[in-house]
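The next block holds one structure in the form of structure tokens; read it before the comments.
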Amino acid sequence: MLNGLFGAGRNAERVLADYAPLEWPHPREGVHLSAGERAANLAYFRSVKDARVELVTGALADLGVEVPPPSQADEASGASVMLHDLARSTLCKIKGFGKICAPGWRDRPVSGREARLLSFACDLGIYCGEAAVETRDFAWTIDDTKYKPANAMTTQGNVVLYKKVPFDPKPIDRFIDIIAYPVYTVHDEDRIRQGKGLAVVNGFSFLDDLTSGRHG
């Protein structure tokens, strides 16, 4: 409670008080959207992703975290550790942030403060995704795979990272919901802080996995 009033969580709240929301043309899980709505989301995303990276890196700097530009955010940069430390020391202590980032966040309408905080978490994913695009052979796309109900993936219909992975007997398409990773990480760190989960070593290690080539 004291941290929320006077500590790191309160300071972060002030930094993010004017954070511009990420306003998708068609919010909700992609599985519920039409092909046209998915295409509109991807077109919008491509038009704003550079600005979102600039926005989130500026906010991170205001929070005392100087991450490198995406083209330099490889494993040696330490960006994943810095983001993990921020999530653990600060973000999970912002009042209600973990609940905002709980599973199902895409299907919950948000506005005002909730929209700003959730957008910041999503922008962390955009930053990490741009690092993968800049340093490895990934691209942004929509996962429009025709899944059967029994094997549908959570990436279905969402803006995700894509890479064709060499695999015997033939290459496979890999889709990664990178925008969701930091959102879930904030949620998990909040649960850990409350004693409802076990601490992880580096919740942002997926960034190192992507930029080093270990992921796919």
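The values are calculated or read from the model by the stated rules, or taken from the named source; none is laboratory data. Being a predicted model, the structure only gives us computed values, none of them experimental. We place every Cβ from the backbone using ideal geometry, glycine too, and count neighbours over all the protein chains shown. The accessibility values were calculated without ligands, DNA or RNA, using every heavy atom of the protein model including side chains. Shrake-Rupley method; radii C 1.70, N 1.55, O 1.52, S 1.80 Å.
I want the local charge near P69. Using Cβ-Cβ distances under 14 Å, sum +1 for each Lys or Arg and -1 for each Asp or Glu among the other residues. Walk me through the numbers on the way to the answer.
Working: positive: K49, R52; negative: D50, E54, E66, D74, E130, E134.
Neighbourhood net charge equals -4.
How far is the Cα center of region 152-216 from the Cα center of region 117-150, in Å?
Using only Cα atoms, the two centres lie 9 Å from each other.
When you have a sec, figure out the Kirkwood radius of region 64-146 from all distinct Cα pair distances and drop it here in Å to one decimal?
The Cα-based Kirkwood calculation yields 14.5 Å.
Could you please report the charge total around A152, scoring K, R as +1 and D, E as -1 over all other residues with beta-carbon less than 12 angstrom from its beta-carbon?
Charge balance in the 12 Å sphere: 0.
Report, please, the projected area of region 140-216 averaged over directions, based on the convex hull of its C-alpha atoms, in nm².
About 6.7 nm², averaged over all directions.
Please compute the per residue accessible area over the chain with all protein chains in place, 1.4 Å probe, rounded to a whole number of Å².
50 Å²
State the percentage of accessible surface on the chain attributable to carbon and sulfur atoms; use a 1.4 Å probe and exclude ligands, DNA and RNA.
Here it works out to 54 percent.
Looking at the chain, identify the longest residue range that excludes and avoids all GluC sites (Glu not before Pro) in DSSP loops having at most 16 other Cβ atoms within 10 Å.
Formally, the longest exposed-site-free interval is 67-216.
Place +1 on the Cβ of every Lys and Arg and -1 on the Cβ of every Asp and Glu in the chain, take the dipole about the Cα centre, and give the residue among W140, I179, A59 whose Cα lies farthest towards its positive end.
I179
Return, for the Cα atoms of the chain, the radius of gyration and Dmax in Å, separated by a comma.
For the chain, the Cα radius of gyration and maximum Cα-Cα distance read 17.0, 58 Å.
With a cap of 16 neighbouring Cβ atoms within 10 Å, and only residues DSSP puts in a loop, list the chymotrypsin sites (Phe, Trp or Tyr not before Pro) found in region 134-190. Intermediate values should be presented prior to the final figure.
Values: sites: F138, W140, Y147, Y162, F167, F175, Y184; in loops: F138, Y147, F167.
Loop-located and lightly packed - Y147, F167.
Compute the signed sum of charges (Lys and Arg +1, Asp and Glu -1) over the other residues within less than 12 Å, Cβ to Cβ, of I176.
Net charge around I176: -1.
Return the distance in nm (one decimal) between the two label points of a simple spin-label model at Q194 and A76, each offset 7 Å from Cα along Cα→Cβ.
4.2 nm
Can you list residues from other chains, or at least 5 along the same chain, whose modelled amide H is less than 5 Å from the amide H of D143?
G157, N158, V160
Have a look at I176, I94, I192 and tell me which one the Gaussian network model of the chain (Cα, springs below 10 Å) gives the largest fluctuation.
I192
FRET efficiency for R14 and S34, Cβ-Cβ distance as r, R0 = 35 Å, nearest 0.05? Don't skip to the end; give the middle numbers.
On the way: r = 40 Å, r/R0 = 1.14.
E between R14 and S34, to the nearest 0.05, is 0.30.
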